[in-house]
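Only one structure is covered here, and it is reproduced in the block below.
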């Protein structure tokens, strides 16, 4: 595998088989050498069978979509604290939307987590977090239809918390109402109804 990866870095026009199968050739060739190295690094998985790098395999086709692959790389980069690269890859994932609200939802969720994690370090991180929470909420109905059930959708809780911290209680209440309408929960005992009660109490103070 090492020889395969070395070969890929040795040629400006050589792309990994998986990248070609995902129709990401032009995107890959536009990356800097450092970014390509990071892409390979964050495409590595460690399991019971040992280390496996998806870009080192010989493949001609895959059921995975470009969006799913890039979202996975972004998630791995976040777990390894490579936040700037993670942002670039996740934003790229949205440029290769595969028509699945589920894929887009999980890409949004990963971006939301990234921006919230960086809220004290990155300028506009909270604004970006709000933007992607709103976008995720906008596709919530479509996501639920695809998913077949109503799971927890973290963007509702995250956005309600942000609005509450900003003192925008009316906006936070509206998000709670939207969450209740779709039927999702925030993982707390009182759910979004309890969150609404607490918000109303703050508004009366």
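The values are calculated or read from the model by the stated rules, or taken from the named source; none is laboratory data. On a predicted model such as this, the values are computed, not experimentally measured, just so you know. Methodologically, a virtual Cβ is constructed for each residue, glycine included, from the backbone with ideal geometry; neighbour enumeration extends over all protein chains shown.
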Checklist entry - What is the residue count in region 169-205 for residues that are outside any helix (DSSP H, G or I) and either touching a strand residue (DSSP E or B) at 6+ places or on another chain (Cβ under 9 Å) or surrounded by 14 or more Cβ atoms within 10 Å (Cβ to Cβ) (or both)? => result 3
Next on the checklist: Only one of 98, 121 is modelled with pLDDT of 95 or more, outside any helix (DSSP H, G or I) and under 28 Å from residue 77 (Cα atoms). Can you tell me which?
Outcome noted: 121
Next on the checklist: Among the residues that make up region 131-144, is at least one of them in contact with a helix residue (DSSP H, G or I) (Cβ under 9 Å, 6 or more places away or on another chain), more than 24 Å from residue 190 (Cα to Cα), assigned to a loop (DSSP other than H, G, I, E, B) and in contact (Cβ under 8 Å) with a residue 12 or more places away in the chain?
Outcome noted: yes
Checklist entry - Scanning for something in contact (Cβ under 8 Å) with a residue 12 or more places away in the chain and touching a strand residue (DSSP E or B) at 6+ places or on another chain (Cβ under 9 Å), does region 74-84 turn up at least one residue? => result yes
Next on the checklist: Would you confirm, using the coordinates I've provided, whether residue 123 is farther than 19 Å from residue 154 by Cα and without any contact (Cβ under 8 Å) to a residue 24 or more places away in the chain?
Outcome noted: yes
Checklist entry - When you scan region 154-205, how many residues do you find that are at positive phi and in contact (Cβ under 8 Å) with a residue 24 or more places away in the chain? => result 2
Checklist entry - Based on what the data block shows, is residue 96 in contact (Cβ under 8 Å) with a residue 60 or more places away in the chain and surrounded by fewer than 20 Cβ atoms within 10 Å (Cβ to Cβ)? => result yes
Checklist entry - Would you pick out the residues in region 48-69 that are within 11 Å of residue 22 (Cβ to Cβ) and touching a residue at least 40 places away in the same chain (Cβ under 8 Å)? => result 55, 59, 61, 62, 64, 65, 66, 67, 69
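Yes or no, residue by residue, for (1) in contact with a helix residue (DSSP H, G or I) (Cβ under 6 Å, 6 or more places away or on another chain); (2) over 30 Å from residue 21 (Cα atoms); (3) buried (at least 21 other Cβ atoms within 10 Å of the Cβ):
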residue: 84; (1), (2), (3): no, no, no
residue: 100; (1), (2), (3): no, no, no
residue: 118; (1), (2), (3): yes, yes, no
residue: 148; (1), (2), (3): no, no, no
residue: 157; (1), (2), (3): no, yes, yes
Next on the checklist: I'd like to check which helices (runs of 4 or more DSSP H) are fully inside region 1-88 and have at least 1 residues that are at pLDDT 95 or above and under 25 Å from residue 106 (Cα atoms).
Outcome noted: 17-21, 25-29, 33-41, 66-79
Checklist outcome for this item: Scanning region 48-79 residue by residue, the ones that are surrounded by fewer than 13 Cβ atoms within 10 Å (Cβ to Cβ) and in contact with a helix residue (DSSP H, G or I) (Cβ under 8 Å, 6 or more places away or on another chain) total 3
Checklist entry - Does residue 104 qualify as being assigned to a helix (DSSP H, G or I) and either touching a residue at least 40 places away in the same chain (Cβ under 8 Å) or surrounded by fewer than 20 Cβ atoms within 10 Å (Cβ to Cβ) (or both)? => result no
Checklist entry - Checking residue 115 against (1) under 30 Å from residue 205 (Cβ atoms); (2) without any contact (Cβ under 8 Å) to a residue 12 or more places away in the chain, which test does it fail? => result (2)
